[in-house]
Amino acid sequence: MPADALATATELARSYLAGVGARPVGATATTAELRARLGVPLTEAGVEPAQVLTELARAADGGLVATAGSRYFGFVIGGSLPAALGADWLAAAWDQCAGLYVLSPAAAVVEEIAGGWLLDLFGLPATASVGFTTGCQTANFTGLAAGRHAVLARAGWDVEDKGLIGAPRVHILVGAQAHATIYSSLKMLGLGAGSARRVDADDQGRMRPDALRAALATCDGPTIVCAQAGEVNTGACDPFEPVADLCRAHGAWLHIDGAFGLWAATSPRLRHAVRGMERADSWATDAHKWLNVPYDSGLAFVADPEAHRAALTTRADYLVRVGGGTRDPSDYVPESSRRARGFAIYAALRALGRRGVADMIERCCALATRMAERLRAAPQVEILNDVALNQVLVRFRSPSGNDDAHTRVVIEQVQQDGTCWLGGTVWRGRAAMRISISAWNTTETDIDRSADAILAAAR
Ligand SMILES: *Cc1c(COP(=O)(O)O)cnc(C)c1O
């Protein structure tokens, strides 16, 4: 009976979340153990739904990573706000397909409303269009697809119809510390990851305007510039005012990858970090990171809705359009059929309110500063970045002098200890521990406990 399965799922989810703060943050099962536990024979006859769920939860348990908890500091992840998780459950129960208006008027209108709230919170033009994507990689793809359309249309070339073979050359300029998914997007768009020219960055990873000016001077014809809000290691944001001035003067399309950094704009106290970003042509961000909604959920904004739609719309006689000013969600994303992820974003924003969004972002940044201060107090610790947002880069000095190896060992020990989880990176040629504070439920106590665990590992 379906009700049993849902009751079982609720109970399993509740018990997982109730215990998530007490379990080791990293996974504990080996690959072989997971394969053995999950690799049961697929039987000829099926199994009772509630039994499937109970056994799945038991078998998966050791392979789950406690990203829903408050001490996961790896990558840039974030948890799930209760309202967003609840709305995501409802979206699944309702089984809405958010492709066309006619498939789910509620999903389409919720995107419209939440999209308007987001434009307002970020301080973006109210006339910009919004796509609810799977993540920031698809949001980057979306923004760059709109840019590819616009710069080639201005050169008299219809790229959607004719493709890129024989098209005027598109110059692509990318900050030296651009995220890997900018390159994936360029690759998928046929623009070529290798054709992008890197613009020098400063010691925090910010694009240097003088380098951008020099690079733009060599670009004759269609040009796209990719800037960034929130470098994945340091959290630094490009200087958007001079970058936007230069792009405007050159007639270049300016895209901003702001997977997490764009959220600084929602806080009156942090907004200065992204000043000028509202002057770009397209923006990409994530909701599953700093807005703390369940995976998968990203957002693409485009200042020119015509370019946005021209790049992505899908037309066929049977794909019924209602018209009359209704919005078909699939016009703004690469996918056709997809999950109605707007419900979770809508719920998160309503549950937090304006002040709540800003508080969550500010709290994470304050906790990152607290973490940096706690760690910096130890003599063997060096903080490599200016902690301006939610990212902290840490390096550990070793008595033997091999700081790279020592830093990697400390990271491994912290991961094994299980109090918290964080990963490693290489920053300007040196190994570093990378800490990201992005979860709605992280507290000062979590930071202090984790700092103690990190310092114990370093000793
Ligand atoms: C996480 C991230 C991305 C990719 O986002 P996904 O949600 O993983 O697709 C892109 N850019 C930056 C700066 C990021 O931090």
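The numbers here are math on the coordinates, done by the rules we state, and not lab data. Predicted model, so just to flag it, every value in this text is computed and none were measured. Note: ideal-geometry Cβ built from the backbone for every residue, glycine included; neighbour counts use all protein chains shown.
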>> Taking the Cα centroid of the stretch 134-206 and of the stretch 284-308, what is the distance between the two, rounded to the nearest whole Å?
In response: 17
> Given Cα pairs under 8 Å that are at least 6 residues apart, what percent is the relative contact order of the stretch 341-404?
Replying inline: 24
> Which of rounded, prolate, oblate describes the stretch 23-131, given a ≥ b ≥ c as roots of the alpha-carbon gyration tensor eigenvalues and a/c under 1.5 marking rounded, otherwise prolate only if a/b is larger than b/c?
Replying inline: oblate
> At 25 °C and 0.890 mPa s, what whole-number value in µm²/s does Stokes-Einstein give for the translational diffusion of the chain, with Rh from the Kirkwood sum over Cα pairs?
Replying inline: 105
> For Thr54, what is the net charge nearby, where nearby means another residue's Cβ is under 15 Å from its Cβ and Lys, Arg count +1, Asp, Glu -1?
Replying inline: -2
> Under a Cβ-Cβ cut-off of 13 Å, what is the net charge of the residues other than Ser267 that fall near it, where Lys and Arg count +1 and Asp and Glu count -1?
Replying inline: +4
> How far apart, in nm, are the 7 Å Cα→Cβ label points at Ala92 and Thr127?
Replying inline: 4.1
>> What whole-number distance in Å separates the alpha-carbon centres of the stretch 80-120 and the stretch 224-269?
In response: 28
> How much net charge surrounds Ala29 when only other residues with a Cβ under 9 Å from its Cβ are counted (Lys, Arg +1; Asp, Glu -1)?
Replying inline: -1
